[in-house]
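The values are calculated or read from the model by the stated rules, or taken from the named source; none is laboratory data. The shown structure was predicted, so the numbers you read here are calculated from the model rather than taken from an experiment. Every residue, glycine among them, receives a Cβ derived from its backbone with ideal geometry; neighbour counts consider all protein chains shown. Just so you know, the surface numbers come from the protein's heavy atoms only, side chains and all, with ligands and any DNA or RNA stripped out. Shrake-Rupley method; radii C 1.70, N 1.55, O 1.52, S 1.80 Å.
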Amino acid sequence: MRIALISDIHGNAVALDAVLEDVKKQNVDQIFVLGDLCFRGPEPKRALELVRSLGVVVIKGNADEWIVRGVKQGEVPDHMLSIMQKEQEWGASKLDEDDLNYLSHLPTGYQLQVDDSMIKLFHATPESLFDIVPSDSKDDTIYDHFHLEGPENVYVYAHIHTAFIRFIKGNLIMNTGSVGLPFDGVAKASYGLLDIADGNISGRIIKVPYDIEKVVKQYQSFGYPNAEMMIDTIRQGRLG
């Protein structure tokens, strides 16, 4: 069985187009989406429509929560609060009531049994859409946050926009990275693949090039607030 795991699209439909085209070449059996579909990109509506058209399991991310109910003080650095509230208002204005209702009712996690392994999917941690578990966290920190129960289970999350794969006490830990807004210094769309066969599990991170300058022009021409910062981020593949 081969599973594709995509997340953190952030309204970058051009990057999502590229990832979905690559996924077709991988002959996957299932696709899962781990949240953050619309907020902070120039095409929130089209990104959401692409995800919904897949007819797959989608779970909620913190940015999906934000675009529905707004960004609250304490959830982002104080100096970013005002501009992110403006971005939220812009993004939400591009969606209709059905879109917002869909986002508000997404589940916060999902799990499936494959052979003898349990695959657990969540956006940030099993309990939170917002908690940050960095890629360089100690094994014990990940063990405690994710409630590892292995060996031979799989835990997949997103949220930090930095892709990695680790094994901890026999469990595979994967972060998919970000389709539309990577922070790991690689200016490409990122997603994950899991291969499960004969009781063996392996993971891969796939990096897909896309037309970044097309997205730059969208940010500029669509009147996106905070366009300059977002353009710098997608060009560099990291926060400035």
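Between their Cα atoms, which of LYS138/LYS217; LYS94/LYS207; LYS138/LYS214; LYS72/LYS94; LYS94/LYS138; LYS60/LYS138 are more than 32 Å away from each other?
Beyond 32 Å: LYS138/LYS217; LYS138/LYS214; LYS94/LYS138.
Could you grab the Rg to Rh ratio for the stretch 81-156? Cα atoms only, Kirkwood for Rh.
Rg/Rh: 1.11.
Can you tell me which of LEU129, LEU54, LEU193 moves the most in a GNM of the chain? Springs connect C-alpha atoms under 10 Å apart.
Of LEU129, LEU54, LEU193, the Gaussian network model singles out LEU54 as fluctuating most.
Ordering THR162, THR176 by accessible area with a probe of 1.4 Å, largest first, what comes out?
THR162, THR176
With each run of n ≥ 4 DSSP H residues scored as -39500 (n - 2.57), what mean residue ellipticity at 222 nm is computed for the chain after dividing by its residue count and rounding to the nearest 500 deg cm²/dmol?
Calculated at 222 nm, the ellipticity per residue is -10500 deg cm²/dmol.
Given contacts defined as C-alpha pairs under 8 Å and at least six residues apart, what's the relative contact order of the stretch 137-240, whole-number percent?
With pairs under 8 Å counted, the relative contact order is 21 percent.
Over all distinct alpha-carbon pairs, what is the Kirkwood Rh of the stretch 149-204 in angstrom?
11.8
Going from the alpha-carbon gyration tensor of the chain, what semi-axes, largest first and in whole Å, does one get by taking the root of 5 times each eigenvalue?
Working from the Cα gyration tensor, I get semi-axes of 28, 19, 17 Å.
Hey, what's the chain come to in accessible area per residue, 1.4 Å probe, Å²?
That works out to 43 Å² for each residue.
If you roll a 1.4 Å probe over the chain with all protein chains in place, what percent of the accessible area is carbon or sulfur?
48
Calculate, for SER128 and GLU21, the FRET efficiency according to 1/(1 + (r/R0)^6) with r their C-beta to C-beta distance and R0 35 Å; round to the nearest 0.05.
That gives a FRET efficiency of 0.60.
Run the reach check for LYS188 against aspartates and glutamates, Cα to Cα strictly under 16 Å, same-chain hits fewer than 8 apart removed. What comes back?
Result set, ordered by chain and number: ASP8, ASP17, GLU21, ASP22, ASP211, GLU213, ASP232.
Quick one: compute the contact order of the chain, relative version, from alpha carbon pairs under 8 angstrom and 6+ residues apart, as a percent.
Here the relative contact order equals 22 percent.
Hey, with R₀ at 25 Å, roughly what FRET efficiency would GLN111 and MET229 work out to, going by the Cβ-Cβ distance, to 0.05?
Efficiency computed from Cβ-Cβ geometry: 0.10.
What does the charge count around THR141 come to, taking other residues whose C-beta lies under 14 Å from its C-beta (Lys +1, Arg +1, Asp -1, Glu -1)?
Net local charge, THR141 excluded: -2.
For SER128, SER202, write out the residues from largest to smallest accessible area, computed with a 1.4 angstrom probe and no ligands counted.
SER202, SER128
ARG69: accessible area at probe 1.4 Å, nearest 10 Å²?
Solvent-accessible area, nearest 10 Å²: 80 Å².
Nothing charged except the Cβ atoms of Lys and Arg (+1) and of Asp and Glu (-1): what's the magnitude of the dipole of the stretch 76-234 about its Cα centre? Round to the nearest 20 debye.
Computed about the Cα centre, the dipole is about 440 debye.
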